[in-house]
Amino acid sequence: IGGATISCVLRVLTALMPSNPRYIDRHIPNIVKVMVRQASNNLAAAKMQAASGGRPPPKDPKASVDEYGSITYNVHQSVQLIGDERVLLLSDSRKTFPSALSHQLNDRNVDKVVLLSVMKALNVWVQ
């Protein structure tokens with residue numbers, strides 16, 4: 001499945017969230033799996049690039065960090081969608097989601113937009 005397809009699904013679920021949160025609750029385990037997979041793909045790509053001795057391509061200053069369909073965009077949307085206290089109440093995702101967030105915090109290749117969304121989710125949990 002391509003990044004744009006995942007982004008489209010996340011946008012639809014985000015639009016449904018205010019009116020039907022129980023519908024989203026049924027999909028939280030799948031959203032967590034997508035987030036973990038996207039994050040591991042990002043980490044694997046960074047490790048492969050470091051092993052080959054290559055430098056990351058220079059970023060275009062005009063390009064948006066939240067480019068639709070990118071790994072950063074998908075992980076950010078996933079955290080925003082399910083990053084509230086309800087995810088901690090579901091038994092399937094109680095361990096997976098927080099561990100995925102901690103991996104995001106520990107990875108030095110994570111984009112600042114993803115880190116900010118993770119910190120916002122943690123802030124919601126603490127309050």
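The values are calculated or read from the model by the stated rules, or taken from the named source; none is laboratory data. Worth saying up front: this structure is predicted, and the values here are computed from it rather than measured. So basically every Cβ, Gly included, is an ideal-geometry build from the backbone, and we count neighbours across all protein chains shown. Remember, those area values only see protein heavy atoms, side chains included, never the ligands or the DNA or RNA. Shrake-Rupley method; radii C 1.70, N 1.55, O 1.52, S 1.80 Å.
Look through the stretch 107-118, keep the residues that are assigned to a helix (DSSP H, G or I) and either among the small types (Gly, Ala, Ser) or in contact (Cβ under 8 Å) with a residue 12 or more places away in the chain (or both), and return whichever of them is farthest from Leu89 (Cα to Cα). Break it down stepwise before answering.
Narrowing the stretch 107-118 to residues assigned to a helix (DSSP H, G or I): 112-118.
After this cut, where a residue has to be either among the small types (Gly, Ala, Ser) or in contact (Cβ under 8 Å) with a residue 12 or more places away in the chain (or both) as well, the list is 112-114, 117-118.
Working: Lys112: 28, Val113: 26, Val114: 23, Ser117: 20, Val118: 18 Å.
By that ranking, first place goes to Lys112.
Being more than 21 Å from Trp125 (Cα to Cα), at pLDDT below 75 and assigned to a helix (DSSP H, G or I), is that true of even one residue in the stretch 28-43?
yes
Mind checking which residues of the stretch 1-41 are open to solvent by 80 Å² or more (accessible area, probe 1.4 Å) and not aliphatic (A, V, I, L, M)?
Arg11, Pro18, Ser19, Arg22, Arg26, Asn30, Lys33, Arg37
Restricting attention to the stretch 91-127, and to residues there that are among the β-branched types (Val, Ile, Thr) and within 18 Å of Leu43 (Cα to Cα), which single residue is nearest to the chain's Cα centre (by Cα)?
The selected residue is Val114.
Looking at this structure, is Tyr68 more than 21 Å from Ser102 (Cβ to Cβ), in contact with a Ser or Thr (Cβ under 6 Å, 6 or more places away or on another chain) and modelled with pLDDT of 80 or more?
When the stated conditions are applied, Tyr68 passes them.
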